1. Just add up the charged neighbours of Met238: K/R +1, D/E -1, any other residue whose Cβ is under 13 Å from the Cβ of Met238.
2. What are the residues whose amide H is under 5 Å from the amide H of Gln320, where those residues sit 5 or more places off or on another chain and H is modelled from the backbone?
3. Which parts of the stretch 55-86 would a label at Gln145 reach, counting a residue when its backbone N lies under 19 Å from a point 7 Å out along Cα-to-Cβ?
4. Most fluctuating residue of Glu217, Glu142, Glu56 in a GNM of the chain with Cα springs under 10 Å: which is it?
5. Take the Cα of Asn338, step 7 Å along the line toward its Cβ, and report every residue of the stretch 26-47 whose backbone nitrogen sits under 20 Å from that point.
6. Quick check: net charge around Pro35, other residues with Cβ under 11 Å of its Cβ, Lys/Arg +1 and Asp/Glu -1?
7. Output the 0 to 90 degree angle, nearest 10, between the alpha-carbon long axis of helix 69-82 and the longest principal axis computed from the alpha carbons of the chain.
8. Among all lysine pairs in the chain that are eight or more places apart or on different chains, how many have alpha carbons less than 16 angstrom apart?
Amino acid sequence: MTDLKIDTAVKGLSTESAELAAQAEEFGFDGVFTPETDEDPFLPLPLVAERTDDIEIGTRIATSFTRSPMVLAYQAWDLQRFSDGRMILGLGTQVKGHNERRFSVDFEWESPGSRLREEVLALNHIFDVFQGNEDELDFDGEFFQFSLMTEEFNPGPLESGPPDIWVAGVSEYMLKMAGDVADGLCMHAFNTPKYTEEVIGPMVEEGAEIGDRDPDEVTLSASPFLITGETEEQRAEMRQEAKQRIAFYGSTRTYHDVLELHGWKDVGMELHELSKEGKWGEMTELVTDDMLEAFAIEAPPEELADEIDEKYGGIADRIQLSFDGNDYWADVLDDLKND
């Protein structure tokens with residue numbers, strides 16, 4: 001039915017998370033990723049890798065500015081080795097408040113995109129040194145400088161080669177940067193197929209042209225809101241949760257380009273004003289059925305494969321969906337891959 005790779009996420013360092021990843025692999029998922037919210041995104045991955053055989057693993061996303069590129073390089077290299085080449089390093093900037101007030105990261109906020117771009121370049125240079133493609137560690141950038149790497153500290157080459165690096169991006173600069181230097185783009189959940197096709201894809205292609213690359217080398221990974229379930233009650237609950245998240249993200253002016261493309265910028269400004277007043281209940285009421293249809297994938301399990309393919313087949317390479325271990329997912333994945 002589709003060439004889309006289907007991914008999911010697990011959270012936390014636990015036997016349950018690893019078992020859910022193993023079940024996802026058994027059902028036919030292609031990748032399992034870990035977020036960075038209230039727990040470390042790297043710690044669960046060795047356990048996930050140990051419990052699985054072929055499914056790709058990775059971070060989606062790890063905060064980039066809270067860790068030195070060298071630290072990230074060692075972590076990703078170890079996981080690439082341990083998983084026999086299944087690791088994907090997904091990185092994102094996080095917002096100003098979290099960097100400064102949660103992580104106490106001190107840097108010039110005027111250029112987060114430039115900093116992340118340089119971080120990807122630094123990581124690729126370090127990977128080249130590890131792999132033996134470069135004789136010396138010699139990176140001299142605006143934000144990072146690396147010049148010391150003796151044999152004792154070099155982990156050595158991998159048969160699989162280095163892990164891929166994906167970046168999260170919303171702004172025009174970030175989208176072009178992904179096309180220029182990254183292996184993939186983690187698209188935000190506050191996104192629609194229309195925005196992906198008309199804005200994100202072309203921006204990534206422009207970036208690939210800047211980097212003299214084939215845009216097909218850059219993986220586009222979507223992560224839309226999902227509404228499904230075997231009963232109407234289950235779907236109604238997920239529908240309300242999706243509306244709440246759409247209202248929350250829609251109140252942030254950073255994301256208003258998506259709303260503007262659909263003619264909903266006025267709704268975004270109203271959501272923004274209500275958020276400043278803390279009127280969260282009223283905000284959810286502004287999310288219309290048309291908005292829900294645009295932002296979410298909604299279908300009962302027996303129709304879910306068709307809905308996924310209709311919305312994102314041909315415009316994304318991968319799609320990350322929430323997975324609760326329900327048995328109907330085996331049929332959904334089978335329909336997607338074999339029909």
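Derivation of every value follows stated rules applied to the coordinates shown; laboratory data play no part. These figures come from a predicted structure and were not determined experimentally. When we count neighbours, we look across all protein chains shown, and the Cβ atoms used for this are built from the backbone with ideal geometry, even at glycine.
1. On the way: positive: Arg235, Arg239, Lys243, Arg245; negative: Glu230, Glu232, Glu233, Glu237, Glu241, Glu298, Asp324.
Every neighbour counted, the sum reads -3.
2. When sequence neighbours closer than 5 places are left aside, the close amide H contacts are Asp7, Ala222, Ser223.
3. Under 19 Å, as judged by backbone N against the label point of Gln145, lie 68-71 of the stretch 55-86.
4. Most flexible of the set in this elastic network: Glu142.
5. Answer for the stretch 26-47: 26-31.
6. Details: positive: Lys11, Arg60; negative: Glu36, Asp38, Glu39, Asp40.
Here the count lands on -2.
7. 80
8. Count of close lysine pairs: 6.
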